[in-house]
1. Any residue at all in segment 66-74 that is surrounded by 10 or more Cβ atoms within 10 Å (Cβ to Cβ), at positive phi and assigned to a loop (DSSP other than H, G, I, E, B)?
2. State whether one or more residues within segment 16-35 are farther than 30 Å from residue 135 by Cβ and in contact with a helix residue (DSSP H, G or I) (Cβ under 6 Å, 6 or more places away or on another chain).
3. Give me the residue from segment 1-41 that is over 46 Å from the mean Cα position of the chain (by Cα) and under 30 Å from residue 55 (Cα atoms) and, out of that set, surrounded by the most Cβ atoms within 10 Å (Cβ to Cβ).
4. Counting just the residues of segment 75-88 that are in a loop (DSSP other than H, G, I, E, B) and under 23 Å from residue 133 (Cβ atoms), which one comes out nearest to the chain's Cα centre (by Cα)?
5. For segment 49-58, name all the residues that are part of a loop (DSSP other than H, G, I, E, B) and touching a helix residue (DSSP H, G or I) at 6+ places or on another chain (Cβ under 8 Å).
6. Among the strands (runs of 3 or more DSSP E) lying completely within segment 92-152, list those that include at least 2 residues that are loosely packed, with under 14 Cβ neighbours inside 10 Å, in contact (Cβ under 8 Å) with a residue 24 or more places away in the chain and under 29 Å from the mean Cα position of the chain (by Cα).
7. Just to verify a result, which residue in segment 75-91, among those that are under 19 Å from residue 106 (Cα atoms) and in contact with a helix residue (DSSP H, G or I) (Cβ under 9 Å, 6 or more places away or on another chain), is surrounded by the fewest Cβ atoms within 10 Å (Cβ to Cβ)?
């Protein structure tokens with residue numbers, strides 16, 4: 001007999017027949033059908049809520065509350081001047097260009113702030129939301145320009 005799709009069958013013992021519950025006492029899973037006696041889990045439509053611990057106080061309610069989120073907090077993505085040295089001379093530095101260059105991974109809710117750590121050897125045109133006075137001084141000392149907000 002040739003090996004054909006019509007002749008294929010599983011190897012004996014490979015497949016296990018499913019248990020047919022609630023089909024008489026002789027089946028071994030009759031009467032309560034393996035659900036025990038009474039209780040929510042024995043009822044139709046039972047659904048276990050996430051975090052439910054059987055009536056015990058759930059973990060998320062046993063642990064103390066801690067901290068809060070200040071909805072008025074500023075959210076700047078910070079970049080030091082030394083990181084800008086990898087950019088081409090004369091290029092325009094914007095939050096979008098910094099993200100494309102891989103210097104920052106995200107733009108903050110309030111934009112990007114440039115800080116003054118390190119040295120800068122290339123002239124850049126910087127247009128960001130905020131920058132420190134030392135960063136502005138280093139950018140202009142390197143021959144670059146700062147457009148936008150007053151440093152502070």
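Rule-based calculations on the coordinates, nothing more; no lab input. Only a predicted model underlies this, so the values are computations on that prediction, with no experimental measurement involved. Note: ideal-geometry Cβ built from the backbone for every residue, glycine included; neighbour counts use all protein chains shown.
1. no
2. Yes, because at least one residue in segment 16-35 is farther than 30 Å from residue 135 by Cβ and in contact with a helix residue (DSSP H, G or I) (Cβ under 6 Å, 6 or more places away or on another chain).
3. Applying the filter and picking the extreme gives 30.
4. 75
5. 51
6. Here the list is empty.
7. Among those residues, the one meeting the criterion is 86.
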